[in-house]
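Following: one structure in C-alpha cells, then a few remarks.
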Amino acid sequence: CSIDGPCLMTAPPALTPAAEARRALRQRLLSARQAWSAGPAAHAAQQALADRLAAVLAQLEPMCLGLYWPVRGEFNPRDIALAAHAGSGCALALPYASKAPVEMRFRPWDGSEPATRDECGLPAPSSTQTVQPDVVLVPCVGFTTEGFRLGYGGGYFDRYLAAHPEAVAIGVAWGLGRLGPQELQPADHDQPLVAVVTESDTFSV
C-alpha cells in the first residue's frame, strides 16, 4: 500500500466447491478426533493400533522408516518406531517441511526429542542431512478403504510420495476417520496409500 493512497487488499482466490467441501470435512473430522482423543477409549485404541502397526512393519522390514511427529490427537508412532529400530536396526527419519519452495524432506532421527522446528512449526531434527525412507508412515485426518487420504491441506506428503514412488506409504488413522468413496473423491494430486492401519483394521489396497 502507498502512504499517499488507499490500501487495495487483494482477496485470496475463492475455493472451488470441491475444495470448500474438503475443508468443511477436514474441520469436522479434526473436531471429532480431538474430542475423542481426550476420552477413555483413546488409551486402549492407542495400544491396539500400535499392535497392528507393529505387525505390518514386521512384515515390511524397513531399512529406513519415515514417521511423523503427532499433533492434534494423532496416533503417536514414536514407541513403535523405537521398537523397530531396536529389533531390526532400521534407521529412523522425521520430515522437515519448508514453505518456499513447498516441499518436505526426511532427516535422520535418533529417537530423542527434536531440537528444532520446521517451517510449519513442527518438531524436526536439526541435522540438514536428508535420507529417503523405504517405508513412510502417513498420518490421516480421514481415509477411504481404497487407500485415499484426507490430510491437513498443505499437500506435503502427497508431493513427497509423488516424487518418491518407490516408498511404501502406510496410512495411520483412527477408525472414526473412515470415509466412504462418496464422501472423499480423490483429487488429481492425491497419492494412493499401500495400506491404512487403524486400531481395529488393516486395509490393504
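Quick check: from the Cα gyration tensor, does the stretch 91-185 come out rounded (a/c under 1.5), prolate or oblate?
Numbers: a/c = 1.89, a/b = 1.83, b/c = 1.03.
It is prolate, given that a/c is not under 1.5 and a/b is the larger ratio.
If you roll a 1.4 Å probe over the stretch 70-177 with all protein chains in place, what percent of the accessible area is carbon or sulfur? List each step's numbers first, then the result.
Values: 2350 of 4610 Å².
The value for the stretch 70-177 is 51 percent carbon and sulfur by accessible area.
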Simple spin-label estimate for L25 and Y152 in nanometres, 7 Å along Cα-Cβ: 2.0 nm
Nearest-ten-degree value, helix 17-37 long axis tilted from longest Cα axis of the chain: 50 degrees
Low-density loop positions, chymotrypsin sites (Phe, Trp or Tyr not before Pro), the stretch 109-205 - DSSP coil, at most 16 other Cβ in 10 Å: Y152
Rounded to 5, the percent of DSSP beta bridges in the chain classed as antiparallel: 50 percent
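What shape does the stretch 19-114 take by its C-alpha gyration tensor, where a ≥ b ≥ c are the square roots of the eigenvalues and a/c under 1.5 counts as rounded, a/b above b/c as prolate, and the rest as oblate?
On the way: a/c = 2.21, a/b = 1.23, b/c = 1.80.
Cα axes put the stretch 19-114 in the oblate bin.
Could you grab the relative contact order for the chain? Cα pairs under 8 Å, six or more apart, rounded to a whole percent.
Reported relative contact order: 19 percent.
Over the Cα atoms of the chain, Rg to Rh with Kirkwood Rh, two decimal places? Walk me through the numbers on the way to the answer.
Values: Rg = 18.2 Å, Rh = 18.0 Å.
Reported Rg/Rh (Cα atoms, Kirkwood Rh): 1.01.
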Rounded to the nearest 10 Å², the accessible area of M104 at probe 1.4 Å: 20 Å²
Part-to-part distance (alpha-carbon centres) for the stretch 76-119 and the stretch 43-58, which is given in Å: 19 Å
T202 - accessible surface, heavy atoms, 1.4 Å probe, Å² rounded to 10: 60 Å²
Which of V138, Q185, W36, positive extreme of dipole for the chain (C-beta unit charges): W36
Electrostatic dipole magnitude of the chain [Cβ: Lys, Arg +1; Asp, Glu -1; Cα centre; debye, to 20]: 400 debye
Translational D in µm²/s for the stretch 157-205 (Stokes-Einstein at 25 °C, 0.890 mPa s, Kirkwood Rh from C-alpha pairs): 207 µm²/s
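The values are calculated or read from the model by the stated rules, or taken from the named source; none is laboratory data. Source: prediction; values computed, not measured. Neighbour counts run over all protein chains shown; Cβ positions are idealised from the backbone, glycine included. Just so you know, the surface numbers come from the protein's heavy atoms only, side chains and all, with ligands and any DNA or RNA stripped out. Shrake-Rupley method; radii C 1.70, N 1.55, O 1.52, S 1.80 Å.
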